[in-house]
Amino acid sequence: IVRQHGPWSTDVKVEYKPGRQDRVFLPILSTDSEEFRREAARERDAFFGPGGLRALEDSLRAAYSVLEPVIGYEESPYFLKHGLNLGADTIAVKDVKGDEPRATSLLAVANTASDALILQFYEEEDLHKAAMGHELSIADWKRIAGIKDKYEDLLFAAPIVSANTSVQLLRELRSEICRRGRVFSFLCGHDSTIETLMTALGVEPFELQDALEGKTPIGVKVVLELYSKAGGGQYFKLRLVYPQYQRLRELRPFSLEDPPASCTLSLKGMEADDCGYYRLQDLLRRIDDARAAGKDAARGIAPTYI
């Protein structure tokens, strides 16, 4: 919460909640009814196109062929005991009330390895060492990062799931948008927080430049810019702002001359004006519709607002 006292100074009030995670930023399901799980499964299949989750499994094979040698998977105790390569089992998701959606297949293991390796890519100056002694191209690193991207899609790209898991986040977002006198708000969550928010708001597909990850690069921010036009009317733009992967490796600071990367987001079913601005009242209506859909999820009602 920022209060402007002058052109160069601000007082910042920070809320701490020690000892527990903030429910606002955790994508926790409030239902696991049979109707909900059935609709979530249908939407997940539809997201990955013809073939459903089988198509997802097929799309991961190239990434697994890069990942397995890097992590020495075939020398791991799990492989030596079970003899199952990554992708050899069937992808499944467990939706349980009071918990986050979770994959119950080896994709979850591959996601953990993908996450750890991408962090090494950013933190380790020597890419040979980051890849555990292997020579990987940037295309290979993007394939590894793609495992994490598709894992997030599996869990949160179904509208009924994201609407249900983001109800409290959407309430907080609406409160901040409508708070009188607020100049700047900063809400800090997780990659899953951003994935659920973008799905719930109906963000159109997009492509990021200079990023390993496809949707939620490390350090990414969803920036909601609010504007008031002369003559009346409130409008907004929605952007993803993120550090380029090479900048992270070099620890290169931002500046006006060397800013972070940015991607303007479009929203399904909303019409922007000629300058790319959306009406704020349309966003507030979208948030209200998403929250209502999240509460209706227990009945297995597919969201119809996007």
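Scanning segment 4-26 for residues that are acidic (Asp, Glu) and modelled with pLDDT under 70 yields a count of 1. From the list Glu68, Glu124, the lone residue that is without any contact (Cβ under 8 Å) to a residue 24 or more places away in the chain, under 30 Å from Pro243 (Cβ atoms) and open to solvent by less than 40 Å² (accessible area, probe 1.4 Å) is Glu68.
In summary, Met270 fulfils each of the numbered conditions (1) in a helix (DSSP H, G or I); (2) surrounded by fewer than 18 Cβ atoms within 10 Å (Cβ to Cβ) with the single exception of condition (1). Of all residues in segment 102-155, those satisfying the criterion of being more than 16 Å from the chain's Cα centre (by Cα) and acidic (Asp, Glu) are Glu123, Glu124, Glu125, Asp126, Glu135, Asp140. Is it true that some residue in segment 205-214 is over 30 Å from Glu35 (Cα atoms), among the aromatic types (Phe, Trp, Tyr) and over 19 Å from the mean Cα position of the chain (by Cα)? Scanning segment 205-214 turns up no residue that is over 30 Å from Glu35 (Cα atoms), among the aromatic types (Phe, Trp, Tyr) and over 19 Å from the mean Cα position of the chain (by Cα).
The condition (being in contact with a helix residue (DSSP H, G or I) (Cβ under 8 Å, 6 or more places away or on another chain) and either at pLDDT 95 or above or more than 24 Å from Asp126 (Cα to Cα) (or both)) is satisfied by just one residue among Gln281, Gln234, Gln246: Gln234.
Selection of segment 89-107 for residues being farther than 14 Å from Phe156 by Cβ, of a type in the set (Gly, Ala, Ser) and open to solvent by less than 50 Å² (accessible area, probe 1.4 Å) yields Ala92, Ser105.
Against the conditions (1) within 25 Å of the chain's Cα centre (by Cα); (2) among the charged types (D, E, K, R); (3) open to solvent by 70 Å² or more (accessible area, probe 1.4 Å), Glu34 satisfies every one except (1). A single entry from Arg180, Arg143 fulfils the requirement of being charged (D, E, K, R) and over 30 Å from Ala55 (Cβ atoms): Arg180.
Taking each residue of segment 17-45 that is over 20 Å from Asp153 (Cβ atoms) and looking for partners that are of a type in the set (D, E, K, R) with beta-carbon atoms closer than 7 Å, six or more apart or interchain, yields Val24/Glu172; Ser30/Lys97; Thr31/Lys97; Asp32/Asp95; Asp32/Lys97; Glu35/Arg299.
Picking from residues in segment 150-167 that are in contact with an Asp or Glu (Cβ under 7 Å, 6 or more places away or on another chain) and either farther than 11 Å from Pro27 by Cβ or of a type outside the set (A, V, I, L, M, F, W, C) (or both), the one that is most open to solvent (accessible area, probe 1.4 Å) is Pro159. Filtered by the rule that a residue be open to solvent by 40 Å² or more (accessible area, probe 1.4 Å) and not aromatic (Phe, Trp, Tyr), segment 273-297 gives Asp273, Asp274, Cys275, Arg279, Gln281, Arg285, Asp288, Asp289, Arg291, Ala292, Lys295, Asp296. Of the helices (runs of 4 or more DSSP H) lying entirely inside segment 72-179, those containing at least 2 residues that are closer than 18 Å to His190 by Cβ and modelled with pLDDT of 95 or more are 106-123, 138-156, 159-165, 167-178. Checked against (1) open to solvent by less than 50 Å² (accessible area, probe 1.4 Å); (2) part of a loop (DSSP other than H, G, I, E, B), Gly231 meets all criteria but (1).
The values are calculated or read from the model by the stated rules, or taken from the named source; none is laboratory data. Predicted model, so just to flag it, every value in this text is computed and none were measured. Positions of Cβ are generated from backbone atoms using ideal geometry, with glycine treated the same way; all protein chains shown enter the neighbour counts. Ligands, DNA and RNA are stripped out before the accessible areas are found, and what is left, the full protein with its side chains, is counted by its heavy atoms. Shrake-Rupley method; radii C 1.70, N 1.55, O 1.52, S 1.80 Å.
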